[in-house]
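This report concerns only the one structure given below.
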Amino acid sequence: MQTVDVRTVDGVRAVDGRATAITVMTPIKPGMTPLVRLVMFAGEHLSVLAEALVKLSFIHYARWSIVTGLPYNGPPQEKERLHYDYLFFETNFNGTWDEYIDAFSEVVPNRMKAIWGTSFGFPGPRPVGPFKAYIHANDLAVDHYYGAYPEATTKTVLAALRLREKLDAFRVKATDITDPDDFKRAYDAFLVDIQHDL
């Protein structure tokens, strides 16, 4: 297992191979938590909103959560009450931190407004400079980051899964082929079918 902690001049970035992680926590304005819940519900249940995120095919994982309190684990920890609810965002993606924020600003600006617009200090997704500064200011430092497939992108993982499915189907089909010429034709057709996933 290889874990990489990359420290840059502008803060800590979690990078493992081709994957990068961002963790952002922003305070939600009083009374806005129900709106955040509604936006999250709509994002999860309305396919038209999910379609825009499909364009961001370099994302391994992204999740928004609402933090309303901190667990108490007993002494010596003191009980602590948050002054605000917090919007917690975590993601893993291929590429650089800047490319990721640029893509969100360009592809789903209205969704960014809807969800982060409920947090203090959100400047809007465009222009992207202030948006990057806002995300950077609220980006939590990551001490350790591990990627199961550090050299694989989301596209290569999906291609490998498609290839495995097609190879399994070809294997089943090939067991019934006894003529070498028929096998060659079937194999050539299989190669043509999988060429984009190699």
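The values are calculated or read from the model by the stated rules, or taken from the named source; none is laboratory data. A quick note: this is a predicted structure, and the numbers were derived from the prediction, not measured. Don't worry about glycine lacking a Cβ; one is built from the backbone with ideal geometry, like all the others, and counts go over all protein chains shown. These accessible areas exclude ligands, DNA and RNA; they are computed on the full protein's heavy atoms, side chains included. Shrake-Rupley method; radii C 1.70, N 1.55, O 1.52, S 1.80 Å.
Things to note:
- Heavy atoms of TRP116: accessible area, 1.4 Å probe, square angstrom to 10: 10 Å²
- Length released on extending from LEU140 to LEU167, taking residue separation times 0.36 nm less the Cα-Cα span: 5.5 nm
- Top of VAL128, VAL157, VAL15 by mean-square fluctuation, Gaussian network on the chain, Cα under 10 Å: VAL157
- Taking a straight line from the alpha carbon of LYS29, these lysines sit under 29 Å away, with near neighbours fewer than eight places off in the same chain left out: LYS79, LYS113, LYS132.
- Solvent-accessible surface of the chain, taken per residue with a 1.4 Å probe and all protein chains present: 64 Å².
- Using a probe of 1.4 Å on the protein chains alone, the accessible area found for TYR187 is around 90 Å².
- Near ARG18: Cβ cut-off under 13 Å, other residues only, Lys/Arg at +1 and Asp/Glu at -1. The net charge is -2.
- Structure-derived semi-axes √(5λ) of the Cα gyration tensor in Å - corresponding label in [x] 30, 18, 14; [y] 43, 20, 18; [z] 23, 20, 17: [y]
- Top positive-direction residue, dipole computed over the chain with Cβ charges, set THR156, ALA189, PRO125: PRO125
- Gaussian network model of the chain, springs between alpha carbon atoms under 10 Å - residue of PRO75, PRO109, PRO30 with greatest fluctuation: PRO75
- Note on the chain: with a GNM built from Cα contacts shorter than 10 Å, the maximum mean-square fluctuation among ARG162, ARG111, ARG37 falls on ARG162.
- Heavy-atom accessible area with a 1.4 Å probe sorts PHE170, PHE120, PHE93, PHE58, largest first, into PHE120, PHE58, PHE170, PHE93.
- Neighbourhood charge, 13 Å Cβ-Cβ cut-off, centred on TYR72 and excluding it, Lys, Arg +1 and Asp, Glu -1: 0
- MRE, 222 nm, helices only [DSSP H, n ≥ 4, -39500 (n - 2.57), over the chain, to nearest 500]: -14000 deg cm²/dmol
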